[in-house]
């Protein structure tokens with residue numbers, strides 16, 4: 001029932017979930033998921049959820065995003081109608097610079113409530129779904145490659161056929177060996193990708209990437225530092241394999257500049273770095289206007305953020321490269337959701353239930369929660 005609704009409370013839950021194994025990247029190692037969940041409650045008893053998924057070397061910190069929600073954004077939310085998503089988010093942008101992860105969490109919680117009120121999934125609210133399932137990629141990032149091979153074999157059996165190697169954290173020979181091994185084992189049936197996470201020096205990036213091309217990766221992601229956009233554009237022109245920009249494209253303005261400079265062939269979309277689903281759709285529209293592909297990237301997330309990403313990617317008109325919403329299923333030792341994140345046959349299945357389509361299990365949330373901020377703490 002549409003009617004009149006009012007947000008009467010916001011709770012911010014800080015959560016820490018250990019990983020099954022450390023994942024290494026060109027920008028550092030990660031051994032767990034540390035996020036802030038935004039819970040909004042209405043006067044009618046509805047609850048909406050969103051997740052801020054920071055990574056200090058990439059976006060921001062857990063403490064900073066929890067404070068952003070609890071201290072700076074709360075005053076612009078309490079007492080408001082959750083259907084007024086854009087006015088609330090405009091107020092959030094005026095009140096606080098940066099902190100896209102916190103804003104993504106707030107937007108998701110608002111869209112969750114709006115969807116529940118309207119009886120529509122988030123994908124329908126933001127333009128309508130183009131697909132019900134999305135091909136899934138798993139990231140091969142364990143410095144113990146033998147352990148990774150075991151994991152890849154098990155995940156392969158579950159139907160996943162896309163694997164992205166995290167590179168640049170060890171020597172070049174290690175990266176080449178892993179690509180060669182996976183191509184030898186799985187032949188042409190495996191789709192390989194490469195992600196340097198800014199791990200290459202600009203002066204020899206082209207040489208490294210050309211060495212990889214013999215293994216026919218779908219793309220090479222963010223080889224150089226995020227601010228080295230001119231170098232990224234030069235690399236894109238110099239190599240045959242498509243280049244994907246991730247850290248170099250956070251927001252709509254950077255997407256516009258990146259499109260003009262043609263810094264990459266693909267943009268990675270992440271709600272956490274861009275401030276939410278709707279901003280990602282704007283970035284995708286800019287990319288589409290100049291023939292740049294998009295991809296469903298993720299941070300270190302629970303299934304709450306993964307589900308937001310799934311709705312986003314369902315609403316993107318042309319998507320050929322899939323997504324990497326694997327963390328809650330294949331990386332974390334546990335997940336928060338009451339029901340498992342919907343992965344089967346190598347695909348993410350987008351829910352058709354109203355709103356986000358998932359919520360934390362209260363007992364799991366209590367177990368993994370490290371801190372909670374409520375109205376009384378403000």
**Q.** Odd one out for residue 224 among (1) under 24 Å from residue 56 (Cα atoms); (2) within 19 Å of the chain's Cα centre (by Cα)
**A.** (2)
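Mind checking which residues of region 245-265 are within 22 Å of residue 97 (Cβ to Cβ) and free of Cβ contacts under 8 Å to residues at least 40 places away in the same chain? Steps first, answer last, please.
Initially, region 245-265 is screened for residues within 22 Å of residue 97 (Cβ to Cβ), giving 246-258.
Result: 248, 249, 252, 253, 254, 255, 256, 257, 258.
Each row is one residue, and each column tells you yes or no for (1) within 26 Å of residue 192 (Cα to Cα); (2) crowded, with 22+ Cβ neighbours inside 10 Å; (3) at pLDDT below 95.
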residue: 300; (1), (2), (3): yes, yes, yes
residue: 304; (1), (2), (3): no, yes, no
residue: 323; (1), (2), (3): yes, yes, no
residue: 346; (1), (2), (3): yes, no, no
residue: 372; (1), (2), (3): no, no, no
residue: 375; (1), (2), (3): no, no, yes
**Q.** Failed item in (1) over 27 Å from residue 245 (Cα atoms); (2) out of contact with any helix residue (DSSP H, G or I) (no Cβ under 9 Å at 6 or more places or on another chain); (3) in a strand (DSSP E or B), with residue 4 passing the rest
**A.** (3)
Q: Identify the single condition in (1) in a helix (DSSP H, G or I); (2) in contact with a helix residue (DSSP H, G or I) (Cβ under 6 Å, 6 or more places away or on another chain); (3) free of Cβ contacts under 8 Å to residues at least 60 places away in the same chain that residue 285 does not satisfy, given that it satisfies every other one.
A: (2)
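Could you tell me whether residue 308 is modelled with pLDDT of 95 or more, under 22 Å from residue 42 (Cα atoms) and not in a loop (DSSP other than H, G, I, E, B)?
Numbers: modelled with pLDDT of 95 or more: yes; under 22 Å from residue 42 (Cα atoms): yes; not in a loop (DSSP other than H, G, I, E, B): yes.
Yes, satisfied.
Name the single residue that is nearest to residue 113 (Cα to Cα) among those in region 311-321 being part of a loop (DSSP other than H, G, I, E, B) and in contact with a helix residue (DSSP H, G or I) (Cβ under 8 Å, 6 or more places away or on another chain). Break it down into steps so the answer makes sense when it comes.
Restricting attention to region 311-321, the residues satisfying the condition of being part of a loop (DSSP other than H, G, I, E, B) are 316-321.
Applying the additional criterion that residues be in contact with a helix residue (DSSP H, G or I) (Cβ under 8 Å, 6 or more places away or on another chain) yields 316-319.
Numbers: 316: 22, 317: 24, 318: 27, 319: 27 Å.
Per the stated criteria, the residue is 316.
The values are calculated or read from the model by the stated rules, or taken from the named source; none is laboratory data. Just so we're clear, the structure is a prediction, and the values are computed from it rather than from any experiment. Glycine also receives a Cβ, built like all others from the backbone with ideal geometry; neighbour counts cover every protein chain displayed.
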